[in-house]
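What follows draws every value from the coordinates through simple rules; no lab data is involved. Since we're looking at a predicted model, the values are computed, not measured. A quick note on method: Cβ atoms are made from the backbone with ideal geometry, for glycine too, and the neighbour counts reach across all protein chains shown.
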Amino acid sequence: MAIGRVPFRLLLSVVLLPLLFCSLSFAADAGSGEPPREPSLVLAAFDSSAAGDFAYLGDSIRGMLASRLATGGRLRVLDRSIGESELAALRQGESGLPESLAAVDYLATGSIYALASGVNIQLTLYPLNKGGEIGNFSVLARNPAVILSAVEELATEILAATLQPKEATTGQADGDGAEGGLAGFVTAHPEIAYKQGQYSGTVIGIRDSLVQVQTKGMKRSTTIPRAISAMALGDLTGDGTEEMVTLAGSRLEVFRSVDRTLASFVSYRLDPGLRIHALNLADLNGDGRVEIYLSATDGLDVASMVLAWQRQGGFTVLAERLPWYLRPLSVPGAGWRLAGQERGGERLDLVRPGVFLLDIDTVDAGFRLSRGRQLPLPRGINLFDFVYADVDGDGGMETVAVDRREKLRLYGPDNQLLWVSRESYAASSTALGPSMGMASERGTAGTLSVDEEAERETFFLPGRLQAVDVNGDGRDHLVVNQSESTVLSFFHKLRSYEGGAVLGLAWDGEGLVEAWRTGNFRGYIADHSLRLDGVAGDGQPLPARLAVAHQPNRGSLVGLLPGSDETELALYDLEFTPGVAAE
């Protein structure tokens, strides 16, 4: 039920304001210099950019939460205001924490989202000096009468996380391990097994899930002595066999499955001046073979390109230096189309608002693009941030997007916000524009100056988002990565990830919940790609292939050594079937 604005304001006036004036008391900083016995926390200003008519609640909710956390002296809530500008400065820091947070145990950032079903309050807890995992908390106030209890519930969860160590619970896996650990595992608590690193190189299903998955045959893998940044599966040669197209620096390389490994098939050298941030495969010109769409920049300019491969002639450049960021996209009512976005007119405007469909003109073997209609997306969503998906199987298409805080958002067909994830997904260290840390003192036509680099807004692209009906039940499932980020790296322009997995999420009527995941991959997941082999029907298993590229040494001390830039490629054969809950 939607929450009316007038009764909410009246409730705040009558109940919340006296509470704030009477009981809101942040603990004062210790003047002796001695560290306090109780954990200390700094609560940043809440982000209300997605709160709609309820943006005014930000300060009130923050004040109530601080009061509840400080009650009883169990947690020391320090009176140090950190707003969005300070957080932005923290994210742009080169290393370490600012002096104001040097002796603080936890930093908490919050967000408020106006959903169709109420107000969603979320908080992320960063352990600054004690180590440990980043914590995510979320509550939903469905009507004005429960806003106080929602804040109480949030405070209780935060106190439990900061004051009581978590007890690890090991999930029990069903099934026998095949060679390379490839049996289809089912566990009641796969996320715990993942965090404990119990599984590696396998796919883990969830008992009583909406979709079931099983691995078939042998995992094929190989290690490449290069840092692969992007990868995709597709039939590049048109012979009915899928290849794996990879990108490492300026090297485009194609791999094929041979026996128990992946073997290099052909490679191509790109212009080393290009900085490519996305690689996708799709047949959009209707010739029966997939094209390679590379979204790229050359210095400050957008310089995307399109390539194809033929048995006679090898790689062919169909178009280059295109002034559009490019991405093939499945569009409701239009099928697979090429979508694009432009950069702004100023040097630091790397992105201009507005995502457009692009018409492809292939007359006389050319490949020219012209602007089509603009897609009606929610405000602030860019080209690589979203997919269209029918998550509930009702025939209507929703929009699933990743925001700047790595939270998944689900929008209805009318762009009304329906749900926001509690956990973070689609982690990536790929950013648009020139390489960070390469600024010159004065700057040139193709590079930023040191001052411009400091002012630059960093646009991190999310990891690959795929909406796929993996088991033929009429509902799209979201395939996305989830990674472990170090606390400090999340705030910096140069992000670092210590491990991760690829997940399948399905809609259960309340939110997107985990249906299956791969085992834990060490280091950084550079890219992944899932492809179906046919169409499922009558409950029969649907074959699929999942490819994962990860850099095992990324984010570790080993990664600092010369020659450590290597990538492990893995290819799995899977079978998906409808789950018990979907019958």
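Figures for the structure shown
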{"read-out": "Kirkwood Rh in Å, taken over region 323-380 so that all alpha-carbon pairs contribute", "value": "12.5 Å"}
{"read-out": "Efficiency of FRET between S267 and T241 - r from beta-carbon atoms, R0 25 angstrom, step 0.05", "value": "0.90"}
{"read-out": "Theoretical FRET efficiency, 1/(1+(r/R0)^6), r = Cβ-Cβ of S370 and A116, R0 41 Å, to 0.05", "value": "0.65"}
{"read-out": "Hypothetical label at T447: residues of region 260-274 whose amide nitrogen lies under 19 Å (7 Å Cα-Cβ projection)", "value": "272-274"}
{"read-out": "Cα gyration tensor, region 214-368 - rounded (a/c under 1.5), prolate or oblate", "value": "prolate"}
{"read-out": "Cα-projected label distance for D394 with S435, points at 7 Å along beta-carbon direction, nm", "value": "4.9 nm"}
{"read-out": "Nearest-0.05 FRET efficiency for V513 and E346, computed from C-beta distance (R0 56 Å)", "value": "0.85"}
{"read-out": "Amide H partners (placed H, <5 Å) of R226, local residues excluded", "value": "T567"}
{"read-out": "Spin-label pair R379/V317, simplified geometry with 7 Å Cα→Cβ offset, distance in nm", "value": "4.1 nm"}
